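This report refers to the structure that appears directly beneath it.
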Amino acid sequence: MNISRTSFPRIVIIGGGFAGVSLAKKLSNKEVQVVLLDKHNYHTFQPLLYQVSTGGLEPDSIAYPIRKILKDYHNFIFRLAEVKEIDTTTKNVMTNIGSINYDFLVLATGSETNFFGNVELEKHSMAMKSIIQSLNLRSLILENFEQALLTDDLHERDALMNFVIVGGGPTGVELAGALAEIKKGILPKDYPDLDTRRAQIHLVQSGPRILKEMSEKASEKAEEFLEGLGVQVWKETRITNYDGKIATTMTDLIFETATLVWAAGVKGALIKGMDARELTVPGNRLKVNQFNQVEGVEDVFAIGDIACMVTPEYPIGHPMMAQPAMQQGAKLGENLIKLLENKPLDPFEYKDKGSMATVGRNKAVVDLKNYKFQGVFAWFVWMFVHLFFLIGFRNRMVVFVNWVYNYIRFDREARLIIRPYNKDYSRFED
Ligand SMILES: Cc1cc2nc3c(=O)[nH]c(=O)nc-3n(C[C@H](O)[C@H](O)[C@H](O)COP(=O)(O)OP(=O)(O)OC[C@H]3O[C@@H](n4cnc5c(N)ncnc54)[C@H](O)[C@@H]3O)c2cc1C
């Protein structure tokens, strides 16, 4: 990797997501050599991926170069590298561009889509965990409408215009709302020779309510908003398989669709060498103590989605969300410095700042600790919070201008098929 040792201890961080970047900021210009490895040269703002998939934003506005984040940190080295294996006995990290030794290692690799072992479902459905996958989905949605124009078979045409989104969490809810708005505001103008009123958007949730991590009021209101937009919400319905044409459920209900989006689960993005059963909990997360040290492995830490810290308040670990990831990154930064100075470490304590989801124009739900609200004000709060946490002034400006433009014009101009989606070889790309 062409990285020389300095007199300072070396900390290797794998992953430049919310957790990794937050840790990096805390270690800036301290007496450590920090090597950050990521398989992408950019940080992704995942909460807005659904807007890329639905043509509301261009991908560049939710991605930010990692090198630029680190540009003023003199003790930092970045390498574009995919980590393949970790050897904790020799303290070595193996990547596609070579290997590197560490004094301390931090895993901040995030999570990946969990298909719960259903290979056929994985093969045919669309995931939305990265910019590449979001662009694939954007292309597929538009290609389906182009295809629908060409067929005389009404059955086939309907299937091309039907969308099934599995998973009633924020991702599923936000995507369903955005698709419903496209159906109403854009499709009739773009495809006047198609009866786009026949397009259906189904949101399928296995449990009794959508947004189950939020308050009951938020769930009820989000469902009401979605139904108002014409989305069909199916609760207590579990998708069992999808062959690319038909999605089956545990009952007689089936959905004929050319597009099934799987937003029903994630699992930790483990790396070989750190994937032993004794190190992990179900859901592929690494067991960590209150200082984010991986239990049973010396000098190795995990933060963010990949880490599972069990506390009385969070018996299955903290929610796999941006806030816990950022807070763990920041606390670990402080603790690593303390560790090097032989000072006692501070345990991590999660400060829950609330959660929110948007359903569409003027419609969002927000749960704060002591205050829960829904509707237009919630939508403004949702927009403000997302703009605030986006990295980079340019990105904030571009997103803001896009949102204002889309709001005034009822438009989504990034509905472009730049790179046609081919199911056969795109699926393993990411
Ligand atoms: C569609 C979507 C919507 C979401 N909406 C919200 C929301 O509204 N609010 C919220 O709080 N949270 C939301 N989340 C969850 C939130 O994005 C995650 O909890 C957060 O990104 C976790 O941060 P992290 O740093 O642990 O992982 P990530 O941000 O995923 O970063 C992991 C990094 O590790 C890198 N990496 C992984 N494996 C390797 C490897 N082997 N070698 C090199 N690099 C590697 C990746 O390239 C990536 O840059 C959403 C997630 C998705 C997918």
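What follows draws every value from the coordinates through simple rules; no lab data is involved. These figures come from a predicted structure and were not determined experimentally. Every residue, glycine as well, gets a Cβ built from its backbone with ideal geometry; the counts of neighbours run over all protein chains shown.
Observations on the structure shown:
- Total formal charge among the other residues, if their Cβ is under 12 angstrom from that of Asp305, Lys/Arg +1 and Asp/Glu -1: +2
- The chain, helix-only ellipticity at 222 nm - DSSP H runs n ≥ 4, -39,500 (n - 2.57), divided by all residues, nearest 500: -10000 deg cm²/dmol
- Along its principal axes, the stretch 23-177 has C-alpha extents of 67, 33, 28 angstrom, given from the largest down.
- Cα centroid separation, the stretch 102-137 to the stretch 140-218 (Å): 22 Å
- Cα-based Rg and Dmax for the stretch 223-301, where Dmax is the largest Cα-Cα distance (Å): 19.6, 54
- Derived scalar couplings between HN and Hα for the stretch 120-129 equal 5, 4, 4, 5, 9, 8, 9, 9, 9, 10 Hz in order, rounded to whole Hz, by the Karplus curve 6.51 cos²θ - 1.76 cosθ + 1.60 (θ = phi - 60°), x for Gly and Pro.
- Set of lysines near Lys343 by C-alpha distance (under 27 Å), chain-local residues within fewer than 8 positions excluded: Lys25, Lys26, Lys30, Lys91, Lys287, Lys331, Lys351
- Lysines whose Cα lies under 26 Å from that of Lys423, excluding same-chain neighbours fewer than 8 positions away: Lys39, Lys84, Lys123, Lys129, Lys183, Lys245, Lys267
- Least to most buried among Met126, Met161 (fewest other Cβ within 10 Å first): Met126, Met161
- The slack in the chain from Lys84 to Asn342, taken as 0.36 nm per residue of separation less the alpha-carbon distance, amounts to 89.7 nm.
- Calculated SAXS-style log₁₀ I(q)/I(0) at q = 0.12, 0.24, 0.25, 0.27 Å⁻¹ - the stretch 50-118, Debye, Cα scatterers: -0.56, -1.15, -1.17, -1.21
- Neighbour counts of C-beta atoms inside 10 Å place Asp305, Asp153, Asp158 in the sequence Asp153, Asp158, Asp305, starting with the fewest.
- Site pair Phe380 and Asp190 shows an inter-label distance of 3.1 nm when each label is modelled 7 Å from Cα along Cα→Cβ.
- Charge tally around Leu37: other residues with Cβ under 10 Å, Lys/Arg +1 each, Asp/Glu -1 each, net 0.
- Size descriptor, Kirkwood hydrodynamic radius, that averages inverse alpha-carbon separations across the chain, Å: 22.7 Å
- Length released on extending from Val404 to Ser4, taking residue separation times 0.36 nm less the Cα-Cα span: 139.2 nm
- Computed FRET value (nearest 0.05) for Asp252 with Asn370, which takes r as the C-beta separation and R₀ as 35 Å: 0.20
- When the Gaussian network model of the chain links Cα atoms closer than 10 Å, the mean-square fluctuations of Phe225, Phe384, Phe291 top out at Phe384.
- Every Cα-Cα pair of the stretch 342-405 was included, and the share exceeding 19 Å stands at 47 percent.
- Taking amide hydrogens as placed 1.01 Å from N in the peptide plane, the amide H of Glu295 sits under 5 Å from those of Lys287, Val288, Asn289, each at least 5 positions away in sequence or on another chain.
- FRET efficiency, Arg394 to Asn362 (Cβ-Cβ, R0 22 Å, nearest 0.05): 0.25
- Principal axis box of the stretch 16-70, alpha-carbon based, largest edge first, Å: 45, 16, 16
- Among Ile316, Ile303, Ile165: highest mean-square fluctuation, GNM of the chain, C-alpha pairs under 10 Å: Ile316
- Equivalent-ellipsoid semi-axes of the stretch 179-320, from the Cα gyration tensor, Å, largest first: 39, 18, 15
- Of the trypsin sites (Lys or Arg not before Pro) in the stretch 145-250, those whose Cβ has at most 16 other Cβ within 10 Å and which sit in DSSP loop: Lys212, Lys235, Arg238, Lys245
- Inter-centroid distance (Cα atoms) of the stretch 265-318 relative to the stretch 358-430, Å: 30 Å
- Relative exposure of Thr6, Thr237, judged by other C-beta atoms within 10 Å (fewest first): Thr6, Thr237
- Neighbour-limited loop hits for GluC sites (Glu not before Pro), the stretch 326-430 (at most 12 other Cβ within 10 Å; DSSP other than H, G, I, E, B): Glu341, Glu349, Glu429
- Taking amide H positions as modeled 1.01 Å from N, with prolines and chain starts lacking one, the residues under 5 Å from Thr249 and 5 or more places away or on another chain are Thr240.
- Compared with the alpha-carbon gap, the fully stretched path from Ile418 to Lys30 is longer by 135.4 nm at 0.36 nm per residue.
- Around the Cα centre of the stretch 242-382, unit charges on the Cβ atoms of Lys, Arg, Asp and Glu (plus for the first two, minus for the last two) sum to a dipole of about 460 debye.
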